[in-house]
Structures are given as structure tokens and as C-alpha cells.
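Scroll down for the structure; my scribbles are underneath it.
The values are calculated or read from the model by the stated rules, or taken from the named source; none is laboratory data. All figures in this text were calculated on a predicted structure; none of them were measured in a lab. Glycine gets a Cβ as well: all are built from the backbone with ideal geometry, and neighbour counts include every protein chain shown.
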Amino acid sequence: MFRIFQATATFFKIIGNRNFALSVKHLSNQAKPVTNPDEVEKPSEEVQPNREESEQLKGIDALTLLRALQRDARLVDFLQEDIAAFSDEQIGAAVRDIHTKSAEVLNRFFDIKPLSNQEEGSQLEVPKEFDSGVFTLIGSVSGKGPWKGSLAHPGWQATKNDIPVYTGSEQAAKVIAPTEVEVN
Amino acid sequence: MSKFSIGVDLGTTNCVMVYTPINEENQKVFMIPQFVDSEVIEARASLPSFLYLGTDSEAFKLPWQNQPSSKIIGAWARRRASQVPDRTIAAAKSWLAHSKIDKRENLLPTNAPEDVDKLSPYAVTCDILSYLVSAWNYANQEDKFINQDVVLTVPASFDEVARDLTREAAIEAGFPDNFTILEEPQAAMYSWLGTKGDTWRKQLRAGDSLLVVDVGGGTSDFSLIKTVDEEGQLGLKRVAVGKHLLVGGDNMDLALAHLAAQQFAQGGTSLDPWQNISLWHSCRDAKESLLGDALQDTHTISIKGKGRSIIGSSISTQLNKKTVQDFLLNGFFPEVNFDEQVQRASTGFVQVGLAYESDAAITRHLATFLREHSAEIEGGPTHIIFNGGVFKAAMFQDRVLNSIEKWLGLRPTVLDSEHNLDISVAQGASYYAIVRAGNGLRIRGGTSRSYYLGFETAAMAIPGMPKPMQGLCVVPRGMEEGTSLAIPSEPLGLVVGQRATFPFFSSTLRPDDNVGTLLPTITADVEEADTIVADLPTQGYESGEVVSVKLEAKLQETGALELWAISLDGTQRWKFEFNAREE
């Protein structure tokens, strides 16, 4: 079961991430029994943009996402601000825009959809063998299943994984927003 | 062997590429990788037509580049346009249609600091097109762009000179030699035809006339297409196009920003330039929300502070739905009488820059277009196609329909295919590439204008007065692709081995002129197009020798216009050049 999810995740990653797709291609090329070394498709220099650098930077996708949320929605500014002193009205006015722009970013990268299409409160059955990453059983859970219950939360899923590619240096990777200087 | 038919919409503010595998019908939008931030590449459905000339420290390498470059194109350049306007080039396409400048002169950005190497409108166009080609080639290593069927769209109002420059830039950028240029309103029509399949014949009859109203981000364009009976089959013929109008959706955002700025001012807040730019962006969202089907009656515009405090320094104002709708409707689509004249700028002095319309009333421009082409319309327009993001708002469509009904006594039927107004031009272009290969209906129409070569009249010179100018019609309106015309006139004397320039004129308003028609004077319905340069190699004649020639016009299958001089004995041919560099 796990392998199916791994395969699905890999599928989205191939669709969404060119560098990754190329490395998978490379892997499958390597897996092929090679009779003549000349037949191996060598990924050209041109096709491999900064691939090595990208692989060195651990967790770079998370930073790139954070950076996008700050750039397009100023989410980090908002979360870092001490909001205790402001009225709900002031916060409300500022948040509307941050909300819209953050949602735009998330949907552009992940195209977020409900995991289950059933209504909240409707009845559904969870099979005997289920992936605990897909279903969470709550309440009085007994026996070996299948379990019947009412849907408390449909869950969410990313239907794609299109995080932009970071091409910069390792030092700059942790920058979420650059220092802005107004030249005069 | 081509594998894809690719439609390229080179927009004033956004470029879109749509491709269709040959022998299939599934159209796909090509996702264009571009910098969206320093060192961050994201693939997006459109490429903003902005070019940012960065400092030396802002050089970045795209996956298909060997060297980092500080010339940035796309989403990040558009963002930089609001932060560093003097180093950013926008709307290069409109500069390409500017008849008063040398399109190969490095003049953009106009306000660039001295250390910036300026670029010509031609070079910028070339850079943007070449970006699209490289992005495609990077994603399709096996199916290079140059081997595909490619159609590039231009405004219908582009004259042959602007089309020729676009063609040259595209070929330099790596487009295939046989790519086709298609007028944007026609592309919108093809998009409709493409979604309808063969059922379109049920909706149109011979004699119907279709008005295409295309209001893009920066420009507006009108075209008229007639359905004609061709040996029992329905065919389409483009019969008229309008002038190049520099007014569009971006003007609305700016107008709305002014409205909001007034509201801030009334509340005692004056905005700094930076806040104004941010306001402009917020107003774009406000426009879309308040003109759309959203139920809320107000939209809050909030401008955040420049620093990191976001709530403490935010200022906000409420835009009322009704106010905004009335403001934009009456500002851009006012109710006008059919005979109202377009308002011209009152000052005589016009700065060298883009000739933005001083009259933003699109309905008034439309009335002028319909009035000037009343002969071609004949009891129409019976149908209408709306194109451009602006028309996502139904109220603008209604206002146009109501106006036409008031002016002409008939209400055109809207040809609606529920297509996405942002990408339909590229879709139509991709569909046309298939049509061109012989699998569908083609809109005919030939040249949208008639063209005239200017000659000084043989008359006694009067001091202080320019010699009067005559115009010889060398290309009649509607000249078909793939034909050539001998131009009947007295033989002309051309000096070989020397450079001679002729003024070149065009008109959308003189459908009855034939090749060889002589205009005794250059009248108001004829506009200056550009200069034609005859820089004729001697080809066996003595340098300086005067050769008697006849002229010939040739319109290539691809739409490229050529003018040739042919020696009277027919043995020698010289090609004239449009818009060659002034020396």
C-alpha cells in the first residue's frame, strides 16, 4: 500500500519538478541493462540546471514556499508582527488581502482539493486495511474493521506539487525577504 | 515533420502560448518558466511582456542559458517595473507600431539612467520572442520550435511595416521561416470557430457581418468580418479593421486607483509614489471583484506599509460596487451618440512617447469605426464577438450591445463559446495553424489597408513651403496573400548605387482605391506609415545611372508585403526595404 502512495507522490513530483523528473529519467536509464555504453542517454549539461546545487540544499522547497508567501501575500510580515495592540477591525482589514494572496499561492503550487468528496456529517465506511496517512479514526474505535462512522473532516490533498525551482546560492537560500533599500 | 501547431499571442502586457498536437484537438497552454523573484523560477501560463535591465549584481541564469544575464523577462520584471520603473521596459509592442520613431533605435526605457544600455523596440520584441522559443526548446528537446507550425498574432491595426518588423524579429528569435502572422481579432474568431466545430454554419448565414471587439490590457482593436457565399459554401472575409487604439483594461485600473487616491485624500491621507503603485495593483483586484459576480457591495482596498509592520501601517478605504461600476462604465463605455467625434488632445505639443488615446471612451471610438465603415457593414453588424479580459464583466458587453442597438437599430447576437478570454487569442492562433494546413475554414481578407508611395509634385518651389506631395496607390485594400500586382504608372527613374527614401502612407478608409490610383494630395484619411528606402545595388549598371523602372507589389502567402522595382526590359529586379535604418 505504501508503495502506491510513494508512486503517486513520485508521479506528482515528476509532473511538478523538472529537475526531479530528469533525475528519475536518469535513474531509469541507469536501471536499464547496458549493453553498449554509447547507448546510454547522457543528460546534457544544458538539460540540468543547477541540479547539483538544488540537491545539496536540504528543505529548499519549504523555504521557497515561505518566500513566495511573503512575497505575494506578506504572510511572514503578518505572523511576525505583534498584533496584541490592534483592534479586530484593524486586523480584519489587513488580513483580507493576505488571505486571498496566500490562498492563490497555495493553489498555484498545490491545487488543494478536499480529500473526500463526501459532506461533513455523512456516513462512510473505512476498510479493514487502511492507510493511516489517509484516514484518521476518532471516537470509540474497537474491533478489526471495517469501521462505519460519520465524516468529521473531509481532509485536504495537494493534487500537484509545483514548488518553483530555486537556482541561487546556499547562503541566500534562507532569505525569506531581502533587505529593501530605497536608493536616493 | 511538425508535431505541434503553436499559437503565440505576443501581448502588449502578457504573452501566451497554446499548442495542439497535429491531428489532435486537445489544446494545451504552454507553461512558461520564468523568474518570479531573485533566483526563483516558476512556470506560469503567461509571460508578462516586461523586460528589466538589472544591475551587474542582478544577473541570473535561466536553465537554458549558459551565462547569467541581467536582462530579466516575465513576472519578476513586471514586479520590478513598479519598484524600479526607470530600468524596466513595458509595452514594447506599442512602440513597434509608433510611426514617428526609428524602431531600431535604442531608446527604451525612455527615462533610463545613463549607465543603462537602452534597447530598441525591435530588440525588445526579439528578446521576448526569443525567450518563448528557448523556453519551448528547453521543454521539448525532441521537437524544436523551429520545426513546428507556428502562428503569431498581431493587432489588426498593425500596418505592414509593424508586421514586417514583427516578422523579422520573430525569425531572428528562432521562429520557422514559414510561420504565419494572424490578426488578433481573427484569432478570437478562430477560437470561436474551433470550439464550435462544424456547427458554426448553423449560427451564421451568408451576408451576416461579425464585429470583433477586442479590448486587451493596453490596446483596443475592432475588426469586421463578413460571411460570404463561395460556390455554395459559407466562407469568411475580413472587410475592415480599426485604428491602433492605446486604451484598454490597464487604463481602468489606473482610473480606479485615482478614484481610491481621492478617497484617501478626503480622509486626510496623501499617498507617496510607492503607495500609489501598490494602490494600482490593489485596484486591479478590486476591479475584478467588483465587476464580477461577487455578491459583496464593497471592496476594501488596503495598502500595506513599506516596512515590516503590516497592520500598524496599513491604510484602507472602501470602494463601493455601484460607484465603481458607474465610474468605469461611464468613463470607458459611456452612452454616446452615433455622430460623436473622438476627442483629441488639445495641446499641439506631443512629447515623444506612446500616443495614448486622450479619449478613453471606447464606445466613442467604436461609433467612429462603425461610421467610417458603414459601407462595409451594410445592415450589420448582425453578430458580435467580445474578446479581452475586460469583457469578463457582463455590464461592458451589455453597454456595447445597447449602444449598437441605439445607433443602428439592431442588436447583434453574441457569439459566445464560453472560452477563456485571457487565452482565446493564442488558442485561436493554434487552431488557425491547423486550418492553414488545410483542415478547416479560413478567413480571407488580404491587406487591411491600402498603401501609397509619396512623391513630391513637380511644381515650382515656393520659399518656406514644402513641396506638395502626391500619393501613388501601390497596394489596394484587400490584396490577397500569394498574389502580386504590377503597378500601372509612368516609368519611374531610379538612381542605382545611391540611397533614396520615399515617404510611405497607408489608409484603412479608402476601400475603392485601385493599384495605380493617384492621390493629387495627401488627404486626412491617409496616415503616414513609415519611410521606404531604396538602396539599390548597381547590378551591372553604372553607379549613379538613372534606370527606368516599373513597380510591382507582392503579398507573400505568409502575409509579408514586398515592393519591387523592375527595369523596363524586365531583366533586373530590386527590392525596396521598409523601415530601414535612417542614416
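Checked against (1) outside any helix (DSSP H, G or I); (2) without any contact (Cβ under 8 Å) to a residue 60 or more places away in the chain, B:Asp253 passes all but condition (1). Checked against (1) small (Gly, Ala, Ser); (2) part of a helix (DSSP H, G or I); (3) in contact with a Pro (Cβ under 6 Å, 6 or more places away or on another chain), B:Ala188 passes all but condition (3). So, B:Ser94, is that one within 14 Å of chain A (Cβ to nearest Cβ) and polar (S, T, N, Q) or not? Against the criterion (within 14 Å of chain A (Cβ to nearest Cβ) and polar (S, T, N, Q)), B:Ser94 does not qualify.
Scanning segment A:48-98 for residues that are modelled with pLDDT under 85, at the interface with chain B (Cβ under 7 Å from one of its Cβ atoms) and either under 17 Å from the mean Cα position of the chain (by Cα) or assigned to a loop (DSSP other than H, G, I, E, B) (or both) gives a single hit, A:Pro49.
Within segment A:142-184, restricting attention to residues that are within 14 Å of chain B (Cβ to nearest Cβ) and over 24 Å from the mean Cα position of the chain (by Cα), the residue that is farthest from A:Glu129 (Cα to Cα) is A:Asn184.
Scanning segment B:269-305 for residues that are within 10 Å of another protein chain (Cβ to nearest Cβ) and out of contact with any strand residue (DSSP E or B) (no Cβ under 6 Å at 6 or more places or on another chain) yields a count of 4. Taking each residue of segment B:230-245 that is on the phi > 0 side of the Ramachandran plot and looking for partners that are surrounded by 23 or more Cβ atoms within 10 Å (Cβ to Cβ) and part of a strand (DSSP E or B) with beta-carbon atoms closer than 6 Å, six or more apart or interchain, yields nothing. So for segment B:85-92 (the condition being in a loop (DSSP other than H, G, I, E, B) and β-branched (Val, Ile, Thr)), does at least one residue qualify? No, segment B:85-92 has no match at all.
Apart from one condition, B:Asp513 fits all of (1) at pLDDT below 75; (2) touching a Cys at 6+ places or on another chain (Cβ under 6 Å); (3) among the charged types (D, E, K, R); the exception is (1). Only a single criterion out of (1) exposed (fewer than 11 other Cβ atoms within 10 Å of the Cβ); (2) of a type outside the set (Asp, Glu); (3) assigned to a loop (DSSP other than H, G, I, E, B) is not satisfied by A:Phe135, namely (1). What are the residues in segment B:114-143 that are away from chain A (no Cβ under 14 Å), among the polar types (S, T, N, Q) and in contact (Cβ under 8 Å) with a residue 40 or more places away in the chain, if any? Those that are away from chain A (no Cβ under 14 Å), among the polar types (S, T, N, Q) and in contact (Cβ under 8 Å) with a residue 40 or more places away in the chain: B:Thr125, B:Ser130.
Regarding B:Asn111, is this residue out of contact with any Leu (no Cβ under 8 Å at 6 or more places or on another chain), assigned to a loop (DSSP other than H, G, I, E, B) and either β-branched (Val, Ile, Thr) or within 14 Å of chain A (Cβ to nearest Cβ) (or both)? Spelling it out, it is not the case that B:Asn111 is out of contact with any Leu (no Cβ under 8 Å at 6 or more places or on another chain), assigned to a loop (DSSP other than H, G, I, E, B) and either β-branched (Val, Ile, Thr) or within 14 Å of chain A (Cβ to nearest Cβ) (or both). Checking each residue of segment B:63-78 against the condition of being more than 30 Å from B:Ile532 (Cβ to Cβ), part of a loop (DSSP other than H, G, I, E, B) and aromatic (Phe, Trp, Tyr) gives at least one match.
Residues of segment B:24-43 being farther than 15 Å from B:Ile128 by Cα, at the interface with chain A (Cβ under 9 Å from one of its Cβ atoms) and part of a strand (DSSP E or B), which ones? Within segment B:24-43, B:Val36, B:Asp37, B:Val40, B:Ile41, B:Glu42, B:Ala43 qualify.
When A:Glu104 is tested against (1) touching a strand residue (DSSP E or B) at 6+ places or on another chain (Cβ under 7 Å); (2) of a type in the set (Asp, Glu); (3) closer than 30 Å to B:Pro273 by Cα, exactly one condition is not met: (1).
Per the listing B:Ala173, B:Ala188, B:Ala206, the residue uniquely out of contact with any His (no Cβ under 9 Å at 6 or more places or on another chain) and under 30 Å from B:Ile146 (Cβ atoms) is B:Ala173. As for segment B:99-107, it holds no residue that is in contact with a Lys or Arg (Cβ under 8 Å, 6 or more places away or on another chain) and in a helix (DSSP H, G or I). Selection of first residues in segment B:416-436 that are more than 13 Å from B:Glu25 (Cα to Cα) and of second residues that are assigned to a loop (DSSP other than H, G, I, E, B) and modelled with pLDDT of 80 or more, restricted to Cβ pairs under 7 Å at least 6 apart or on distinct chains, gives the following pairs, ordered by first then second residue: B:Leu421/B:Gly388. Flag: A:Ala93 does not match the condition of being crowded, with 16+ Cβ neighbours inside 10 Å and touching a residue at least 60 places away in the same chain (Cβ under 8 Å). So, B:Glu372, is that one at pLDDT below 85 and either buried (at least 21 other Cβ atoms within 10 Å of the Cβ) or farther than 21 Å from B:Gly217 by Cα (or both) or not? When the stated conditions are applied, B:Glu372 does not pass them.
Taken over segment B:490-547, the criterion of being in contact with a strand residue (DSSP E or B) (Cβ under 7 Å, 6 or more places away or on another chain), surrounded by 15 or more Cβ atoms within 10 Å (Cβ to Cβ) and part of a loop (DSSP other than H, G, I, E, B) is satisfied by B:Val496, B:Thr508, B:Arg510, B:Asp513, B:Val515, B:Gly516, B:Thr517, B:Ile522, B:Val526, B:Leu536, B:Tyr541.
Candidates in segment B:306-323 are the residues that are facing chain A (nearest Cβ under 9 Å) and in a loop (DSSP other than H, G, I, E, B); of these, the one that is nearest to the chain's Cα centre (by Cα) is B:Lys306. A:Gln118 satisfies every condition listed in (1) within 30 Å of A:Lys174 (Cβ to Cβ); (2) out of contact with any helix residue (DSSP H, G or I) (no Cβ under 7 Å at 6 or more places or on another chain); (3) more than 10 Å from chain B (Cβ to nearest Cβ); (4) without any contact (Cβ under 8 Å) to a residue 40 or more places away in the chain except (1).
On the given criteria, is B:Asn276 among the polar types (S, T, N, Q) and buried (at least 20 other Cβ atoms within 10 Å of the Cβ)? So B:Asn276 fails the test.
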